[in-house]
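All remarks here apply to the structure that follows.
Every number here is computed from the coordinates shown, using simple stated rules; none is lab data. A quick note: this is a predicted structure, and the numbers were derived from the prediction, not measured. Cβ placement follows ideal geometry from the backbone for every residue including glycine, while neighbour counts extend to all protein chains displayed.
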Amino acid sequence: MEKSTLKLPNVITIDGPVASGKSSVGLMLAKELGYLFLDTGIMYRAVAWAAINQKVDINDEEEVSILAQRIDIEIKPPTKFDGRINDVLVDKVDITWEIRENEVNENVSQISRYKFVRKALTEQQQELGRRGGIVMAGRDIGTIVMPNAELKFFLEASVKERALRRYNEEVKRGKPSNLEDVIKNVEMRDKIDSGREIAPLIPAKDAVIINTDRKDVSRVIDEILSIIRNYQNR
């Protein structure tokens, strides 16, 4: 699909729970359209990693919020061919894979509950969104970060399917993993993300919901591109 032949929205949002396919789909869609891709969850992971690394108490909302405002988070195109989608740096240190460690997985949802952490990161995300030509993936992009985006998608899949994806990802990287533990972590993340008071994980009212169970990325992309074609003809 040639970008030049399409009437494209400035911003496309993709929300959904952990391992629903947001990053893979968002990245491929951005490449297809010639857009920038931003997985906003990376930014929360970066704060979680920094808190753990600097021995900040995860349960101390004030200290974690100060940390989120102080650190320099950079998300750049990948410089290594090791499966990464982006380079993720905190204060110039490459932490691309460190933010996928179990301790970060277990704490990122807690950190994402904090009002001033969300405020600091949301402002950065909105600034990027205002530039246009971007696919943004996360959990509250269509509802909070970019509520006026022209096209919004919400990806969903069963807990078992999503846990298996995360498990296979870890095995592929040579990391010891246990599927039952991954399932429990996914269930815990869902409970926290959907139940938090600030920016809970819910589909935007005008989002197109796509179930990704037993679908590869290319099939989901085809569904999304079909919807974009309809947008073109409005």
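Some notes on this structure:
- Backbone HN-Hα couplings from phi across segment 69-83 [Karplus 6.51/-1.76/1.60, Hz, Gly and Pro as x]: 7, 8, 6, 9, 9, 10, 10, 10, x, x, 10, 10, 9, 10, x
- Scanning residues 5 or more positions from SER20 or on other chains, none has an amide H under 5 Å from its amide H, with H placed 1.01 Å from N in the peptide plane.
- Rg over Rh, two decimals, the chain (C-alpha only, Kirkwood Rh): 0.94
- Between the listed residues ALA50, ASN107, GLY83, the Cα displaced farthest toward the positive end of the dipole of segment 32-140, a dipole computed from Cβ unit charges relative to the Cα centre, is found at GLY83.
- Cα long-axis angle, helix 179-195 against the chain (0 to 90 degrees, to the nearest 10): 80
- Angle between the chain longest axis and helix 22-33 axis [Cα atoms, degrees, rounded to 10]: 40
- If R0 equals 35 Å, the separation of the Cβ atoms of ASP82 and SER194 corresponds to a calculated FRET efficiency of about 0.65.
- Mean-position separation - Cα centroids, segment 117-170 and segment 26-92, in angstrom: 13
- The dipole here belongs to the chain: it is taken about the Cα centre, uses +1 on the Cβ of Lys and Arg and -1 on the Cβ of Asp and Glu, and is about 700 debye.
- Where labels lie 7 Å past Cα in the beta-carbon direction, separation of LYS92 and ARG214 in nm: 5.2
- Debye, to nearest 20: dipole size of segment 59-115, +1 on Lys, Arg Cβ, -1 on Asp, Glu Cβ: 320
- Folded to 0 to 90 degrees: helix 41-53 orientation relative to the chain principal axis, Cα: 10
- Ellipticity estimate at 222 nm from DSSP helix runs (n ≥ 4, -39,500 (n - 2.57)) divided over the chain, nearest 500: -15000 deg cm²/dmol
- When peptides 71-78, 154-161, 135-142 are ranked by their average number of other Cβ atoms within 10 Å per residue, the highest-first order is 135-142, 154-161, 71-78.
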